Structures are given as structure tokens and as C-alpha cells.
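Trainee: Let me begin by handing over the structure; questions about it come next.
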Amino acid sequence: MRSIMGSLFLVLLSLSCAWAQAPPLSPPLLKVVIDPGHGGKDKGVSSAQGTMEKDLALALARELREEARAMGGFQVRLTREEDETFPWIRRKDASHGADIWVSIHFNSDFVGKARGPRVFFPSGWTLEGVKGAKSSRSNASDVRAILEDMVATKKANESLLLAEHLQRVLESVWSMGSRPSTEAQLMGLMDLEIPSVLVEVGFLSNPSDLKLVQDSAKRKAIVKAILRGLRAFSLDPRRQQ
Ligand SMILES: [Zn+2]
């Protein structure tokens, strides 16, 4: 009896040592497409001083990729590397094999008072819309259609989840009151087969926002916040695996 207990103790000890020696769990690799908005002839919006959205978006996208490399756990692909004009289909091609899509834009308004980040997710992918389409289908044996519904539902849920995470982390940089992410008609993003969001990082028409997004230290804080949001999204148990 004593020898059996001794053996059991040794087994338990070796198991506990195995646990102790196991490397810490690393977060799953997240393959992210960063799409710097506009480019080339398409300048996007501009500040009163002439700072162009297309240039800031590309600068921030590059900084995001660099910081993501340093942080680890991300594989980042940019849809454009230069200041160039090209058709949407070329941007869309970058989404193949990726997990999520993040478009980077900057905002503007006529009055110049609006400020702060806004994160949008595509409308038309809502769970309610998908459920409605499913219940109206007469041929329930259409497996392909049901599978497509499942993919659309996952895409809708994860786009909303991603938008919520990014809105929350970006608010922390601005120290503004928390606002919800927003559903919007986002042409192009509707065609994508992966969860996608559009981030309007700040308002170029607002002097405080403009100063903030032109400040390299503040921009680094924005980049780190976005990566924190992406990491939180990738680990969120509400994601459908
Ligand atoms: Zn834009």
C-alpha cells in the first residue's frame, strides 16, 4: 500500500513539474489587414492647413504594422504602401487569408467642433437581418444557404465586437465619455468575407484633434490602443470559433 502511495505521489509530483515547466500560453496569431484610406488622386479630407487624410492614414498604418511586429501575435498586411490610386478590387484582394479588416480614415465637419474617434461596422450584417432571411426561406434543406447564413452571422457578430473593442480603447486616448460604435452603410466592406470595421481616428477639422494626431507620441498611444483593442478582440470568448 505504502509503495502504491509513493508511486502516486511521484506521478503527481512529475505532473506538477510538467505544468510548472510548460511555456506560458501565447495569444493566437491574428492576421490583420490594415487599409489606409484613399491615396493618390483621392486625397480624402484635409485640415485648414493642408494636412491630407490620405497621408496621415498611410503614416498611421505603417506605424501600426511596426508596433504590431514589436508586440508579436499579429501578422499585419497593408492594402497600400505608397501614395497611389487603385481600384477597390485590389484592396479587396488583400483580405484573402486574413482574419479581420481595419480601414483607417480621418474625419472632418464644417463647424470644426466635432472631435474624437468613431468606429463603424457595416450595416446589413446584423444578426436580426440574417435570422429574418433564414426564416423566410422555404427550402430548409438548402445546406449551402444555411452555411452561408452561418458565415454571415459570424461576420456580423465579430464586426460589431471588433468595433466595440476599438471604440473603447480609442476613447481612452481622448479621455472623452464613452460612445457606442456605429452601424453604417460602408461600401466595399460589405463585399468582404471577413469581419471588418472602419476607424475614423479623429477630426482634421478640429484643432485639438489635429494637434493630437500630428503629435508622434500621441500617435504612438493611438497605435498601441488599437493593438490593445485587436488583442482584446482576439481573446474575447464571445467570438464564435
Ligand atoms: Zn476617409
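The values are calculated or read from the model by the stated rules, or taken from the named source; none is laboratory data. Keep in mind the model is a prediction, meaning the values are calculated, not measured. Glycine also receives a Cβ, built like all others from the backbone with ideal geometry; neighbour counts cover every protein chain displayed. All accessible areas refer to the heavy atoms of the entire protein, side chains included, with ligands and DNA or RNA removed. Shrake-Rupley method; radii C 1.70, N 1.55, O 1.52, S 1.80 Å.
Trainee: Considering only segment 178-201, state which residues are part of a strand (DSSP E or B) and of a type outside the set (A, V, I, L, M, F, W, C).
Mentor: Once the filter is applied, which keeps residues that are part of a strand (DSSP E or B) and of a type outside the set (A, V, I, L, M, F, W, C), segment 178-201 yields Thr182, Glu183, Ser196, Glu200.
Trainee: Would you mind telling me which numbered condition in (1) under 19 Å from Ser108 (Cα atoms); (2) more than 16 Å from the chain's Cα centre (by Cα); (3) open to solvent by 30 Å² or more (accessible area, probe 1.4 Å) Ser178 fails?
Mentor: For Ser178, the failing item is (1).
Trainee: Residues of segment 211-233 being open to solvent by 10 Å² or more (accessible area, probe 1.4 Å) and among the small types (Gly, Ala, Ser), which ones?
Mentor: Ser216, Ala217, Ala221, Ala232, listed by residue number.
Trainee: Anything in segment 54-100 that is in a loop (DSSP other than H, G, I, E, B) and within 16 Å of the ligand (Cβ to nearest atom)? List them, or say none.
Mentor: Those that are in a loop (DSSP other than H, G, I, E, B) and within 16 Å of the ligand (Cβ to nearest atom): Thr79, Arg80, Asp83, Glu84, Thr85, Phe86.
Trainee: Filtering segment 147-175 down to residues that are modelled with pLDDT under 85 and β-branched (Val, Ile, Thr), which residue is surrounded by the fewest Cβ atoms within 10 Å (Cβ to Cβ)?
Mentor: Val151
Trainee: Kindly indicate which of Asp142, Asp149 is without any contact (Cβ under 8 Å) to a residue 24 or more places away in the chain and touching a Lys or Arg at 6+ places or on another chain (Cβ under 6 Å).
Mentor: Answer to the selection: Asp149.
Trainee: Out of (1) open to solvent by less than 20 Å² (accessible area, probe 1.4 Å); (2) in contact with a helix residue (DSSP H, G or I) (Cβ under 6 Å, 6 or more places away or on another chain); (3) of a type in the set (A, V, I, L, M), what's the single condition that is false for Leu189?
Mentor: In the conditions (1) open to solvent by less than 20 Å² (accessible area, probe 1.4 Å); (2) in contact with a helix residue (DSSP H, G or I) (Cβ under 6 Å, 6 or more places away or on another chain); (3) of a type in the set (A, V, I, L, M), Leu189 misses (2) alone.
Trainee: What's the number of the condition Val197 fails, among (1) buried (at least 21 other Cβ atoms within 10 Å of the Cβ); (2) more than 21 Å from Leu58 (Cα to Cα); (3) not hydroxyl-bearing (Ser, Thr, Tyr)?
Mentor: (2)
Trainee: Looking at segment 86-104, which of its residues are under 12 Å from Gly37 (Cβ atoms) and open to solvent by 60 Å² or more (accessible area, probe 1.4 Å)?
Mentor: Trp88
Trainee: Do we have any residue at all in segment 21-30 that's at pLDDT below 70, part of a helix (DSSP H, G or I) and either over 23 Å from the mean Cα position of the chain (by Cα) or of a type outside the set (Gly, Ala, Ser) (or both)?
Mentor: Within segment 21-30, one or more residues are at pLDDT below 70, part of a helix (DSSP H, G or I) and either over 23 Å from the mean Cα position of the chain (by Cα) or of a type outside the set (Gly, Ala, Ser) (or both).
Trainee: Looking at segment 182-200, which of the residues that are away from the ligand (no atom under 14 Å from the Cβ), among the acidic types (Asp, Glu) and within 15 Å of the chain's Cα centre (by Cα) is farthest from Gly97 (Cα to Cα)?
Mentor: Here the answer is Glu183.
Trainee: Another question about this same structure. What pairs can you find where one residue is in segment 214-225 and within 17 Å of Ser47 (Cβ to Cβ), the other is part of a helix (DSSP H, G or I), and their Cβ atoms are less than 6 Å apart, with a gap of 6+ or different chains?
Mentor: Sorted first by the residue in segment 214-225, then by its partner, the pairs are Lys218/Leu212; Ile222/Val173.
Trainee: Here is a follow-up. Just checking, does segment 153-170 include any residue being farther than 24 Å from Gly73 by Cα and free of Cβ contacts under 8 Å to residues at least 24 places away in the same chain?
Mentor: no
Trainee: Considering only segment 27-66, state which residues are open to solvent by 30 Å² or more (accessible area, probe 1.4 Å) and of a type in the set (Asp, Glu).
Mentor: Within segment 27-66, Asp42, Asp55, Glu63, Glu66 qualify.
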